[in-house]
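Let me begin by presenting the structure, written as structure tokens, before commenting on it.
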Amino acid sequence: MRRLALTVHVVASVGWLGAVVVFLALAVIGLTSGDVPTVRGVYLVMEPAAWFALVPLALASLLTGILQSLGTPWGVLKHYWVLFKLLITIAATIILLIYMKTFSLMARAAADSTIDLAWVRNPSPALHSVLALMALLVATTLAVYKPGGMTGYGLRKHRELRQRSG
Ligand code: HEM
């Protein structure tokens, strides 16, 4: 059961990272392509693709990460690497949910043929994809290296456990 839960967590979290790479590719295509339907299509597809891929993967990563923490001796608040991952994931998920409005506005502009292509092109998705990618790479590195360092709460719990068993 523990291995299955960890597999689901890794698939959701690293899958989220992979989906962000695809969004970065779409964002670069939107900024650089000379083909009008391709550029408009990119900004039209971002919003539904984000609802179908980014949002579920972000929520699944957060939920399965919390389950991993609670179901293992790592805990949610005992180790700095887990705490930092939690903060990164919460911040990235909240920013993504707020950004869904921007995806919707960009899609509306792309669908309106009276709006000039120069106004349809937008550097914002490329910038946000790069920032999200960096945050998720930090989270993945923390997960794999698991650097030492316990929080005050973690040290207290550790001492309590040692006193009880010794
Ligand atoms: C973008 C977000 C995240 C990414 C990319 C990510 C990635 C990973 C990866 C690759 C592992 C496997 C590491 C290994 O087995 O050596 C892992 C394990 C783990 N993750 Fe995450 N994670 C994320 C979010 C979270 C969150 C929000 C939490 C909880 C607060 C969390 C808690 C854990 C714990 C406790 C483990 C270790 C489980 C074990 O060894 O039994 N993760 N994570």
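One line per residue, one yes/no per condition, for (1) closer than 20 Å to LEU131 by Cα; (2) in contact with a strand residue (DSSP E or B) (Cβ under 9 Å, 6 or more places away or on another chain); (3) surrounded by 14 or more Cβ atoms within 10 Å (Cβ to Cβ):
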| position | (1), (2), (3) |
| --- | --- |
| GLY65 | no, no, yes |
| TRP74 | no, no, yes |
| TRP81 | yes, no, yes |
| PHE84 | yes, no, yes |
| ALA91 | yes, no, no |
| ILE94 | yes, no, no |
| LYS101 | yes, no, no |
| ALA109 | no, no, yes |
Inset, instruction - Taking the options GLY154, GLY71, name whichever one is over 30 Å from ILE29 (Cα atoms), of a type outside the set (Asp, Glu) and either more than 10 Å from the ligand (Cβ to nearest atom) or in contact with a Cys (Cβ under 7 Å, 6 or more places away or on another chain) (or both). - result: GLY154
Legend entry - Cβ-Cβ under 9 Å pairs, at least 6 apart or on other chains, the range 130-150 side on the phi > 0 side of the Ramachandran plot, far side among the aliphatic types (A, V, I, L, M) and crowded, with 16+ Cβ neighbours inside 10 Å: LYS146/VAL82
Legend entry - Pair list, Cβ < 9 Å and 6+ apart or interchain, from the range 6-35 residues that are within 17 Å of MET106 (Cα to Cα) to residues that are aromatic (Phe, Trp, Tyr): LEU26/TYR43; GLY30/TYR43
Inset, instruction - Mind counting the residues in the range 87-114 that are among the polar types (S, T, N, Q) and within 15 Å of the ligand (Cβ to nearest atom)? - result: 2
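Each reported figure results from applying straightforward, stated rules to the coordinates on display, with no laboratory input. All values reported here derive from a predicted model rather than from experimental measurement. Every residue, glycine among them, receives a Cβ derived from its backbone with ideal geometry; neighbour counts consider all protein chains shown.
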